[in-house]
Amino acid sequence: MRNPIGSVWIIVPLNYGHVVPTTNLASRLTACGVRVRYVLVGFTGTFTADSPAARLLGHLALDFQVVVLPCPSGWTTEEWAQQMTEVWAALGDTVADSHQPAILYDRYVPQAALLARLLRIPAGALCTDLPNRVDLRVPPVNSGIVPGSSLSSARLLLAWSALLYASRRQARTASARLPVQEAFATSMSQLADRYGVQLGRPPAPVSLPPYPLPRPPDADEFVFTSTAFDFRRTRVRGIHRLGLLIESRRPPTDFAWGELDSGRKLVYCAFGTERLEGGTHDQAFDVVAEAASELPGHQVVLATGSSAIPRDLPDNVVHCREAPQLQLIQRAALVISHGGFNTVKEAAAAGVPSLVLPVSGPVTDAKRTGALVEYLGLGRVLPHELLRVGPLVDAIRGLPSSAPACQAFARADRQATGTDPAVTVLSRMR
């Protein structure tokens, strides 16, 4: 029977961490005869042709365009919303003109979900970390509670209650919303009006990283993880785990391989592609570099991105701005990260323990990812309040005990079989 979907529009934030989990799926969809086109959504000034996301898609020969949302100063919320409405209406016209279209949207781009609904075309939500559905066996976003421990059930109940209370209060109280929330909600209502659809009331804004957005319509979620690399959930209806789907075909990166010392244990350290305001990453890199000086049997690769370079690097530290992450992880004895879901997945798939330092600010899924690492026995978390040289050195020395569990997980993941993720997506979008 002929597939009713001829083209899939993958609409995601202009952020490498949101793009790289999806490209393996995009290639599989292309192999099924579906035309795939990416839409990278960013604010004014966020896009350059050399951005990591653009370079990755170009390297993989995947078609993409960039949608730039205006972010001007001095505009009223209504003016801002009107400009965003025009941008989304133009994209809607383009999607509607394509052959048998469907939309896969990142949950941080809820306008795309609404666009699919207004165009009456199949759609599905892409979840590039873990689903955030209420489940008393799973910590909510921004929570590091590890299920299964004593008192964890009561703590999980309190954490979910606090999150839902804050969300509902924000939805009811205009003064609790940020201008960006009001602009997004107003824009979505205006977009619905263009298509003659009444939403009844503006979508309720909720706080989710990377910024507060209106709540997207309900849809099946396609998650880039496996059953083994997740919490034991009680609510799984509408959640489709596609597997880890790690993209191995990445643009070449210059790296001084000759500086690596095979006689030392390799520690790879990176805190993602986005630098946080306030220098949180800078501080963490400084502590890691200082800890390395007390670990002469280890060699640390610091991939700092746009963060400041730590001063007075010890001889056993190799610094780089960008790193060939997958190749380094495969050679490493330990991976230190901020809890980014992609990096932690890549370490788990390679059978390498993770040390999670959740330094990514007040609204983040890093704590929950760290909780998953401890829940599965694949490493440990060092809380921000313990980010000092002594505790970090002790954690690095103690983590080889997690290696057997990590290697067993990696073997099981390689042997796992299941339905082609592209077939799952094409059959479940609605």
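Points to keep in mind about this one:
- Only one entry of Arg107, Arg137, Arg155 meets the criterion of being in contact with an Asp or Glu (Cβ under 8 Å, 6 or more places away or on another chain), among the basic types (Lys, Arg) and closer than 30 Å to Val373 by Cα, and that entry is Arg107.
- All conditions in (1) in a helix (DSSP H, G or I); (2) of a type outside the set (Asp, Glu); (3) at positive phi hold for Gly74, with the sole exception of (1).
- Test: residue in region 241-251 that is in a loop (DSSP other than H, G, I, E, B), of a type outside the set (D, E, K, R) and over 28 Å from Arg368 (Cβ atoms): yes
- Counting only helices (runs of 4 or more DSSP H) that sit completely within region 341-398, those holding 2 or more residues that are surrounded by 23 or more Cβ atoms within 10 Å (Cβ to Cβ), of a type in the set (Gly, Ala, Ser) and outside the structural domain of Cys127 (by TED's automatic domain parsing) correspond to 341-350, 366-376.
- Test: residue in region 82-99 that is in contact with a helix residue (DSSP H, G or I) (Cβ under 9 Å, 6 or more places away or on another chain), outside any strand (DSSP E or B) and within 30 Å of Gly340 (Cα to Cα): yes
- Residues that are modelled with pLDDT of 95 or more and in a loop (DSSP other than H, G, I, E, B), drawn from region 9-31: Val20, Pro21, Thr22
- Total residues in region 4-18, condition within 15 Å of the chain's Cα centre (by Cα) and among the polar types (S, T, N, Q): 1
- Only one entry of Pro383, Pro358, Pro353 meets the criterion of being touching a residue at least 40 places away in the same chain (Cβ under 8 Å) and under 15 Å from the mean Cα position of the chain (by Cα), and that entry is Pro358.
- Residue check for Gly45: more than 19 Å from the chain's Cα centre (by Cα) and at pLDDT below 95: yes
- Residue check for Val41: in a strand (DSSP E or B) and within 22 Å of Thr186 (Cα to Cα): yes
The values are calculated or read from the model by the stated rules, or taken from the named source; none is laboratory data. Bear in mind that the values here come from a model prediction, so they are computed numbers and not experimental data. Ideal geometry is used to build each Cβ from the backbone, glycine not excepted, and the neighbour counts take in all protein chains shown.
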